[in-house]
Structures are given as structure tokens and as C-alpha cells.
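Colleague: Here it is, the structure, as C-alpha cells.
The values are calculated or read from the model by the stated rules, or taken from the named source; none is laboratory data. Keep in mind that this is a model prediction, so the values were computed, not measured. Counting neighbours? That spans all protein chains shown, and the Cβs are built from the backbone with ideal geometry, glycine included.
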Amino acid sequence: MEIKNIPLHSVHEKLGAKIIPFAGYNMPIRYSTDMDEHYAVRQSVGIFDVSHMGEFMVSGKGALDLLQWVTSNDVSKLVDGKVQYSCFPNQDGGIVDDLLVYKLADDTYFLVVNASNIEKDWAWISKNNTFDAELKDMSADLCLFAIQGPKAILVLQKLTTVDLSSIPYYAFEIGTLAGVENIIISNTGYTGAGGFEVYIPNVYAENVWDKIMKAGEEFGIKPIGLGARDTLRLEKGFCLYGNDIDDSTSPIEAGLGWITKFSKKFINSEKLEIQKNTGVNRKLIGFKMIDRGIPRGHYEICDMEGIKIGEVTSGTQSPTLGFGIGMGYVAINFSKPETYIYIRIREKLIKAQVVKLPFL
């Protein structure tokens, strides 16, 4: 498979980023250290270039009906200027992808999907478009910057007349940013540190990036790579597609019942409703290490006898908390908070405890 470059690839090279292939794109993994970048976002402000993400426009008289059918959440509850977290259920009880749904206007919606799933999602939504909705893949036309951290609002407010403090969480406004008109400025993000995500046409992207970096100088803004993005999202218990959710995990197992609304019919809703009512055999849990050790994806989760009861899907040493944390699927009888479990690390059983998410 050909690995693509994001539009600002050369900018990141000049910034000294370590660049690796990720989800089909050459992406900056870090510029300094994961720890420094993590703390920059938690304590002040950082900017991520996540232009590998996919964007689809869904419009026309069949737009709402199509989205009601292909997504698990209730799109009819959205009002203009609001964002909804959702997923595409598949016909086997798993998840095609998780996504954000933006309502721009009646019959006009903007979807943001994972980079690794752009082609799969486009095929899925196109295949299910029996509602005469108009679809447009805008993934190659837009850059996505995430300006995250407690000082993000102070940085961006210098560059727009939109009152950012009036935009609630999971809401957006369309306005002028850094001299560019009609920009979606969204109070969303994947760090749990507060901040905004902005969608910029490629032609303006480098200029907007430079202006954001300049506006953030007084707050010590740093460019942030995917390494810190992963530790930040994990501390908040946010699922990563391909790790914590995939085609074989149901939203009920994954703790995403809150985005799975049975007030409407959607793909596989009957089977998922049965799952919700009768229960599941396994569940996605968060856990913290009691003994020293760093959990990693695919490590076995065991009971005290060393019998495998599940598998780690995401794990790291938490920079903020100072101990190992992780997520994984376990047999349902081991999923209750405060239950002791064991992570097999280099053939040793290292003690851990199930905790409620988020970790902080």
C-alpha cells in the first residue's frame, strides 16, 4: 500500500519531527519527547496536525434517513451547530468505525472518520445509501488541526472574532480564523484537556498553522505528535479504533451503550438491543497497575491462577499519574471496579485493579 504524505509534511520535517507510517500516512510521532509533549497539552497548549483523518459531507433530502440507518446514535436529536459522537455498526454486531457527526443545517451533515477507515467507511455508507442522499468525500481537500490544552482558547481567540468561550463542548461555529473565512471551529478533541479542532482547506493550511504557532508563542505552544496523543487519550479512557474497538467488538461490550439509541432502527439494532437487555459475556474495562509494570496491547489479562480472562487493548505508563494504566476486554465476572486482575508481562503475573473510567 502506498503511504501518503499529509499536506504539511515538509513543515513537520523542518520542525524535526520523527515521522513514521500510521494509518496509511506518514505522520509525526513526536517532535521532542512524548513526556514533554504530553505535559505541554495537559498544562498549557499544543497543536496536532491530524490531517490524515477523513471527512465526508452528507446532504440532501435523504441525509437524515441515511445517517439514522448507518449510525448508532440518534441524529434527529442534533440541532444546527452541535456535534455527536457515534459509530457505524456492522451486520455482525461489531463496529465499522467510530465517528463525529456535525449538523451544519437541515439536510446537511459533516462526518469525521478515522484515517485507517476512510475507504472502508466510504464504501459502507455508499453501499447503504438507498435514501438518495448526496455524498462527497472531502478527505483530500481539508487539513485538521487540534489545538488542545487549557490555554488553547487564549491562543485561538487572538485569531478570530468568534467568541470561543460561548461555544459549548461538542458544539461548533463557522467563522473566520486567521483571515480564512468559513472555517469550522469545533469545541472537541481527543485529549480531555480542553481546546478546539479546526478544519482548514489545504491551500490555506500552512499559513494558518504558522499563525497559530505565532499566537501561541507566549504560552509556550508546542507541536504535538501521535505518541503524546495516545497517552493523553488513554488517560481519559477514549477508545482508539483498531485497538479498543473494531469490527469484532460490539458497542455494548465497549461501554458505548450511551451512543447506541434504540429509539430508532439502525443496522443490526435488533441484535444489539438483545445484547443490551440480556447482557454480554465480556466487557471493556479500565485498569491501573498495583505492582510495577507497564501494560501493552495484546498482553494477556489473567486471574490470580494465571488463567487468561482477557487481553489488553491499550496500555501505557501514565505521565500524569505516574503508574501503568490500560484498557482491555475481560470476562464479565472480572469487570467490576476494584476487582484484582493480573497482567502477564514477560511471563510474570503483575497485579492490577479494575477502575472506573476515565483515569483522570
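Table: residues versus (1) within 30 Å of Lys4 (Cα to Cα); (2) of a type in the set (Gly, Ala, Ser).
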| residue | (1), (2) |
| --- | --- |
| Tyr39 | yes, no |
| Ser51 | yes, yes |
| Gly62 | no, yes |
| Asp80 | no, no |
| Gln91 | no, no |
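Colleague: Sticking with this structure for a sec: So which residues in segment 18-37 are part of a helix (DSSP H, G or I) and out of contact with any Gly (no Cβ under 8 Å at 6 or more places or on another chain)?
Modeller: In the first step, residues of segment 18-37 are kept if they are part of a helix (DSSP H, G or I); the result is 34-37.
Within segment 18-37, Met35, Asp36 meet the criteria.
Colleague: Also: List pairs: first residue in segment 179-190 and buried (at least 22 other Cβ atoms within 10 Å of the Cβ), second residue of a type in the set (S, T, N, Q) anywhere in the structure, Cβ distance under 6 angstrom, at least six positions apart or on different chains.
Modeller: If the second residue must be of a type in the set (S, T, N, Q), the pairs left are Gly189/Gln148.
Colleague: Somewhere in segment 49-66, is a residue assigned to a helix (DSSP H, G or I), more than 26 Å from Ile153 (Cα to Cα) and in contact with a helix residue (DSSP H, G or I) (Cβ under 8 Å, 6 or more places away or on another chain)?
Modeller: Just the residues of segment 49-66 that are assigned to a helix (DSSP H, G or I), to begin with: 63-66.
Filter once more, so that each one left must be more than 26 Å from Ile153 (Cα to Cα): 63-66.
Then keep just the ones that are in contact with a helix residue (DSSP H, G or I) (Cβ under 8 Å, 6 or more places away or on another chain); that gives 64, 66.
Taking every residue of segment 49-66 in turn, at least one turns out to be assigned to a helix (DSSP H, G or I), more than 26 Å from Ile153 (Cα to Cα) and in contact with a helix residue (DSSP H, G or I) (Cβ under 8 Å, 6 or more places away or on another chain).
Colleague: Same structure again: Looking only at residues that are without any contact (Cβ under 8 Å) to a residue 40 or more places away in the chain and within 27 Å of Glu2 (Cα to Cα) in segment 101-125, which one is surrounded by the most Cβ atoms within 10 Å (Cβ to Cβ)?
Modeller: Within segment 101-125, the match that is surrounded by the most Cβ atoms within 10 Å (Cβ to Cβ) is Lys120.
Colleague: Still on this model: From the list Val112, Val101, pick out the single residue that is under 14 Å from the mean Cα position of the chain (by Cα), over 21 Å from Lys265 (Cα atoms) and hydrophobic (A, V, I, L, M, F, W, C). Can you show your working first?
Modeller: Working: Val101 fails: over 21 Å from Lys265 (Cα atoms).
Only one candidate passes the filter, namely Val112.
Colleague: Yes or no: Ile200 part of a strand (DSSP E or B), within 24 Å of Gln43 (Cα to Cα) and hydrophobic (A, V, I, L, M, F, W, C)?
Modeller: Details: part of a strand (DSSP E or B): yes; within 24 Å of Gln43 (Cα to Cα): no; hydrophobic (A, V, I, L, M, F, W, C): yes.
It is false that Ile200 is part of a strand (DSSP E or B), within 24 Å of Gln43 (Cα to Cα) and hydrophobic (A, V, I, L, M, F, W, C).
Colleague: Evaluate segment 126-148: report whether one residue or more is more than 25 Å from Asn5 (Cβ to Cβ) and within 21 Å of the chain's Cα centre (by Cα).
Modeller: Here is the first cut: in segment 126-148, the ones more than 25 Å from Asn5 (Cβ to Cβ) are 126-135.
Okay, now just the ones that are also within 21 Å of the chain's Cα centre (by Cα), so none.
Checked segment 126-148: no residue is more than 25 Å from Asn5 (Cβ to Cβ) and within 21 Å of the chain's Cα centre (by Cα).
Colleague: Let me ask something else. Tell me, which strands (runs of 3 or more DSSP E) wholly within segment 256-360 include 3 or more residues that are in the same structural domain as Trp69 (by TED's automatic domain parsing), among the aromatic types (Phe, Trp, Tyr) and farther than 26 Å from Ile95 by Cβ?
Modeller: On the way: elements: 282-289, 300-302, 308-317, 324-331, 340-345, 348-355.
Correct list: empty, since no element meets the threshold.
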